[in-house]
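A.B. asks: Dropping a structure here in structure tokens format, bear with me for questions.
The values are calculated or read from the model by the stated rules, or taken from the named source; none is laboratory data. The structure displayed is predicted, hence computed values, not measured ones. FYI the Cβ positions are ideal-geometry reconstructions off the backbone, even for glycines, and counts take in every protein chain you see. Areas reflect the complete protein model, heavy atoms only, side chains present, ligands, DNA and RNA absent. Shrake-Rupley method; radii C 1.70, N 1.55, O 1.52, S 1.80 Å.
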Amino acid sequence: MTVYVTQELKGRDLSSALEFGELQVVVPANVEITPDNFPEVMQTVFSAMVSFDCRMDYLLLSGNPVVMGLVWQRAAEEAYEKDTSLRVLRWDRIDSRYVLFDV
């Protein structure tokens, strides 16, 4: 199982997400999205998610909303094809940890 972190956030503690699987950053923190590099970013997202399995893996949405949208699109297409939900991790501020949210 893998947790796909949409975009790395420097200084953010993601250790509680490790209980769901190995963390894989889709887009590094230092990548800024511009109209000029959007095709490259889109290719980075789709390449990083080539092994994504909506029945086994998780999404942790963070960073640039454009990156989150690209990752969500890729994951939602697969979930639709396999007629299943997406497994998203959301931050529970009361328990200070990531928890599963099936969508």
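A.B. asks: Within region 87-100, is even one residue assigned to a loop (DSSP other than H, G, I, E, B) and surrounded by 18 or more Cβ atoms within 10 Å (Cβ to Cβ)? Walk me through how you get there before you give the answer.
C.D. replies: First, pick out the residues of region 87-100 that are assigned to a loop (DSSP other than H, G, I, E, B): 93-96.
This time we only want the ones that are surrounded by 18 or more Cβ atoms within 10 Å (Cβ to Cβ), so: none.
So far as region 87-100 goes, no, none of its residues is assigned to a loop (DSSP other than H, G, I, E, B) and surrounded by 18 or more Cβ atoms within 10 Å (Cβ to Cβ).
A.B. asks: Still on this model: Among the residues of region 76-86, how many are open to solvent by 100 Å² or more (accessible area, probe 1.4 Å) and in contact (Cβ under 8 Å) with a residue 24 or more places away in the chain? Outline the logic, then answer.
C.D. replies: Initial filter on region 76-86 (open to solvent by 100 Å² or more (accessible area, probe 1.4 Å)): 80-81, 83.
If we keep only those that are in contact (Cβ under 8 Å) with a residue 24 or more places away in the chain as well, we get none.
So the answer is 0.
A.B. asks: May I ask you to verify whether Ser96 is hydroxyl-bearing (Ser, Thr, Tyr), under 15 Å from Val26 (Cβ atoms) and touching a residue at least 40 places away in the same chain (Cβ under 8 Å)?
C.D. replies: Working: hydroxyl-bearing (Ser, Thr, Tyr): yes; under 15 Å from Val26 (Cβ atoms): no; touching a residue at least 40 places away in the same chain (Cβ under 8 Å): yes.
For Ser96, the condition - hydroxyl-bearing (Ser, Thr, Tyr), under 15 Å from Val26 (Cβ atoms) and touching a residue at least 40 places away in the same chain (Cβ under 8 Å) - is not met.
Yes or no, residue by residue, for (1) farther than 22 Å from Phe101 by Cα; (2) acidic (Asp, Glu):
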{"position": "Glu8", "(1), (2)": "no, yes"}
{"position": "Glu19", "(1), (2)": "no, yes"}
{"position": "Leu23", "(1), (2)": "no, no"}
{"position": "Glu40", "(1), (2)": "yes, yes"}
{"position": "Gln43", "(1), (2)": "yes, no"}
{"position": "Ser47", "(1), (2)": "yes, no"}
{"position": "Phe52", "(1), (2)": "no, no"}
{"position": "Leu59", "(1), (2)": "no, no"}
{"position": "Ser62", "(1), (2)": "no, no"}
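A.B. asks: Another one. Please go through region 9-18 and pick out each residue that is surrounded by fewer than 11 Cβ atoms within 10 Å (Cβ to Cβ) and either in contact (Cβ under 8 Å) with a residue 12 or more places away in the chain or part of a strand (DSSP E or B) (or both).
C.D. replies: The initial filter retains those residues of region 9-18 that are surrounded by fewer than 11 Cβ atoms within 10 Å (Cβ to Cβ), namely 10-11, 13, 15.
The answer is Lys10, and nothing else.
A.B. asks: I would also like to ask the following. Is it the case that some residue within region 28-47 is part of a helix (DSSP H, G or I), farther than 19 Å from Pro65 by Cβ and either free of Cβ contacts under 8 Å to residues at least 24 places away in the same chain or open to solvent by 30 Å² or more (accessible area, probe 1.4 Å) (or both)? Spell out the reasoning first.
C.D. replies: Quick first cut of region 28-47, residues part of a helix (DSSP H, G or I) only: 38-47.
Remaining after also requiring farther than 19 Å from Pro65 by Cβ: 47.
Checking the rest, the ones that are also either free of Cβ contacts under 8 Å to residues at least 24 places away in the same chain or open to solvent by 30 Å² or more (accessible area, probe 1.4 Å) (or both) come to 47.
Yes, the conditions are met somewhere in region 28-47.
A.B. asks: Still on this structure: Could you figure out which of (1) open to solvent by 20 Å² or more (accessible area, probe 1.4 Å); (2) assigned to a strand (DSSP E or B); (3) of a type outside the set (Lys, Arg); (4) in contact (Cβ under 8 Å) with a residue 12 or more places away in the chain isn't true of Leu59?
C.D. replies: (1)
A.B. asks: Select from region 58-93 the residues that are more than 12 Å from the chain's Cα centre (by Cα) and at positive phi and list them in ascending order.
C.D. replies: Asp83
A.B. asks: Could I ask something else about it? Looking at region 66-74, is at least one residue surrounded by 14 or more Cβ atoms within 10 Å (Cβ to Cβ) and in contact with an Asp or Glu (Cβ under 9 Å, 6 or more places away or on another chain)?
C.D. replies: No, the conditions are met nowhere in region 66-74.
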